[in-house]
Amino acid sequence: MLEKQVKNIILDIIATVAPDAELSGLKGDVRLRDQLDMDSMDFLDIVMELRKRYKVEVPKEDYQQLATLDSCVSYLSPHLQAALASA
Amino acid sequence: MHYDVVIIGASMSGLAAGIRLAQFDKRVCVVERHYAYGGLNSYYKLDGREFDVGLHAVTNYVPPGDRLAPLNKLLRQLRLSREDFDLRPQRVSEVRFPDRRLRFNNTVDELVDSVVTLFPRDGERFRHLLSDIQAYDDIRQEHPYQSTRKALADRLTEPVLIEMLLCPVMYYGCANEGDMDFTQFVTMFKAIFLQGLARPWGGVRTILKALVRRYRACGGKLQMNCGVEGIEIEDDRVSALTLSGGTTMTADVVLSSAGYFETMRLCSRPSSEPESEKPGRVSFVESIAVLDERPSDLGHDATVVFYNDADTFDYRVPEGFIDARSGVVCCPGNYETCDKSGSHLFRATWLASYRHWAALNSDTYTAAKRSCEEQLVCLGDRYIPDFGDHVEFVDTFTPCTIERFTGRINGAVYGAPKKKLDGKTHLKNLYLCGTDQGFVGIIGSIISGISMANQYCLRDP
């Protein structure tokens, strides 16, 4: 349940920061950078949206945890769980 | 009043930086000395008509799809749509030298065909040059200075071809005289020839209004008629900004789009600059004619013409008011479509000397402008028969006009020759954005504002 919720949160954020990206058929285990032609500016926006919407801070050394959709879900689930619970 | 970030100048770069910050809930204020926003890319009204300053063309035009192209990247970063900029591509542009016309449009094939036809001996070499340029990483990688003239001479054998390639690239973004850095040449070459030229349907105001609308919608504050008179310093930081009217403002970070030397002039303790660094000198005069018909109905259908009346191209500040032996002619009506205010215009731009214009009094200044307008008619006759009979209205702006409205020393449109790519100054919380940080042109300025805001105000230190 939580996993699905977190995945939707991430997809929703990607759709906001990259409305021109094709999100259907996105593979969970392939780097987002390669599937969506995203660059460091786009990743900055994902991090900023997480902070803005859920007060989740992703430190710079953890950016690599956001490489794929799957890794986003496993890295962010504990952080978002707390945020969702307090919401 | 205290802000997270104060931005000096409601320019393209200042507004773009402002959007980035306001979008992520930073308390941000853009202060602008004038009643009009835009800085080096602005517009004015005269005789009930609207005229653009600066913008002949938006370079870097690409269709949707290429997500990493600068245009699409900046729209994404600012959360604007392509409709907001409403760009209309060019039809065809030309580089006109004696007996030779190089034609190009927004497909690179047209340029290649034209080069091969004019310079068959260099056709293959030109294709190699193109693939070198395509593969050259001008954005992420740092390169030492390399002379473009030498880099091109190493790759091509036809001297006139080299001059014809330099001509549009230098006119559309070179702050140096005579030669330019090859990395900067590559950036501009890609922007003009590999991507392309376009114009917002309503001219520069379409883009400016989209930026201001978005900035305000994100909650950003914009203070017009509010000049920064002084940057106060404590230790190695900006402690406060003194504004016109005597009020002060404080901020954690200050981003200045006023120009490097122009910003230093405001500092209560400027940086000790080495002698070698000087403000830019490259400036222009533009004379604009409003015609009674569209240029294309009078037989002239090129969007932009870069002309040069000799086989060598000498890009430098002239020893007189203007140098009309070379220049740029832009007809906004020759983009795919265009609003009413642009459709009948014929704009001519020449290199000009600020020193000469600044020495005039009001009578001689007006006379010098009239003389440019006579040059405009002579030039127009080359493209449109009996050009003078079609002119309904004419206006001219000079390096002094540019200086007055932008505060740029010498009216230097492309800023200082030496760019501060990292945007840093001698103060820890003062950064540059815009022309003196790096890229020029509309897309370049916007990208500059975005990247400086990202780097110094959004990313973790």
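The values are calculated or read from the model by the stated rules, or taken from the named source; none is laboratory data. Every value quoted in this text rests on a predicted model; they were computed, and no experiment measured them. Note that each Cβ is placed from the backbone with ideal geometry, even for glycine, and that neighbours are counted across all protein chains shown.
For the reader, a short list of remarks on this structure follows.
- Looking only at region B:1-26, and only at residues there that are outside any strand (DSSP E or B) and more than 14 Å from chain A (Cβ to nearest Cβ), the one that is surrounded by the most Cβ atoms within 10 Å (Cβ to Cβ): B:Ser13
- Candidates A:Ile9, A:Ile46: the one that is crowded, with 16+ Cβ neighbours inside 10 Å and either more than 14 Å from chain B (Cβ to nearest Cβ) or touching a strand residue (DSSP E or B) at 6+ places or on another chain (Cβ under 9 Å) (or both) is A:Ile9.
Here's the yes/no breakdown for (1) under 24 Å from B:Leu68 (Cα atoms); (2) assigned to a loop (DSSP other than H, G, I, E, B); (3) at pLDDT below 95; (4) more than 14 Å from every other protein chain (Cβ to nearest Cβ):
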site: B:Asn410; (1), (2), (3), (4): no, no, no, yes
site: B:Thr435; (1), (2), (3), (4): yes, yes, yes, yes
site: B:Ile450; (1), (2), (3), (4): yes, no, no, no
site: B:Gln455; (1), (2), (3), (4): yes, no, no, no
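- Assessment of region A:24-37 against the conditions (touching a residue at least 60 places away in the same chain (Cβ under 8 Å) and out of contact with any Cys (no Cβ under 7 Å at 6 or more places or on another chain)) yields no matching residue.
- Between B:Asp138, B:Asp109, B:Asp181, the distinction of being farther than 27 Å from B:Ala348 by Cβ and more than 24 Å from the chain's Cα centre (by Cα) belongs to B:Asp109 only.
- Annotation note: Cβ proximity below 8 Å between a residue of region B:294-319 that is touching a residue at least 60 places away in the same chain (Cβ under 8 Å) and a residue that is among the basic types (Lys, Arg) and assigned to a loop (DSSP other than H, G, I, E, B) (sequence gap 6+ or interchain) occurs for B:Asp301/B:Arg91; B:Ala302/B:Arg91; B:Thr303/B:Arg91; B:Val317/B:Arg281.
- Residues being more than 14 Å from chain A (Cβ to nearest Cβ) and not in a strand (DSSP E or B) - total across region B:41-75: 10
- Candidates B:Thr364, B:Thr250, B:Thr337, B:Thr349, filtered to the one that is β-branched (Val, Ile, Thr), modelled with pLDDT of 95 or more and not in a strand (DSSP E or B): B:Thr364
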